[in-house]
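Trainee: One structure follows; several queries about it will come next.
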Amino acid sequence: MPEDAVYQREIMAALDKYKTAYSKKDADMLLAVTDEGFFGFGSGPDEKVGNLEELKRQLYRDFAQSDNLDIDFGPMAVGHDGSVAWCGGNCTISATVGGERLRLVGRMTAVLRKVGSDWLFAHTHFSVPDRGQAKGQSFPAQSS
């Protein structure tokens, strides 16, 4: 099997573990696939995570504020160089919040580091496209 196909398969397997853990609201499982030097960003203005302890608090907040929770990844582009890989693509988070089913359709990028035989998430960034920015425009509409 060509080297790129091996990386692709391994990174997609790591994303599947992430998806399973997040959808099960299993913080311990998520932390087990996270690098000790992790930092990342969510879509909320205060969702900046600088270490594992902050990630744990963010996960518990996510889990406490939702009933059913699912995350799904669309096609992901994957790159790599030795023990570092990166990926990015579409991401949809579905959750039941206050009895209402919500869908956040966004994008996710991640950087992973290989430790032994495991790919660990060193960085993630989830974002939702600016809803005030029209398709085909590089900047949101300016208010007068």
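Trainee: Only residues that are of a type outside the set (Phe, Trp, Tyr), closer than 21 Å to Val115 by Cβ and in a strand (DSSP E or B): list them for segment 77-98, please.
Mentor: Of everything in segment 77-98, those that are of a type outside the set (Phe, Trp, Tyr), closer than 21 Å to Val115 by Cβ and in a strand (DSSP E or B) turn out to be Val78, Gly79, His80, Asp81, Val84, Ala85, Cys87.
Trainee: Follow-up. Tell me whether segment 89-97 contains one or more residues that are within 18 Å of Ala27 (Cα to Cα), in contact with a Ser or Thr (Cβ under 9 Å, 6 or more places away or on another chain) and buried (at least 17 other Cβ atoms within 10 Å of the Cβ).
Mentor: yes
Trainee: Out of the residues in segment 1-48 that are modelled with pLDDT under 95, crowded, with 16+ Cβ neighbours inside 10 Å and over 13 Å from the mean Cα position of the chain (by Cα), state the one that is nearest to Leu69 (Cα to Cα).
Mentor: Taking the candidates together, the pick is Gln8.
Trainee: Something else now. Going through segment 49-75 one residue at a time, which ones are in a strand (DSSP E or B), over 18 Å from Cys87 (Cα atoms) and within 13 Å of the chain's Cα centre (by Cα)?
Mentor: Result: Val49, Asp70.
Trainee: Being surrounded by fewer than 16 Cβ atoms within 10 Å (Cβ to Cβ) and either closer than 20 Å to Val128 by Cβ or among the charged types (D, E, K, R) (or both): is that true of Ala77 here?
Mentor: yes
The values are calculated or read from the model by the stated rules, or taken from the named source; none is laboratory data. Because the structure is predicted, anything quoted here is derived from the model rather than measured. Because the Cβ atoms are built from the backbone with ideal geometry, glycine has one as well, and the counts that use them run over all protein chains shown.
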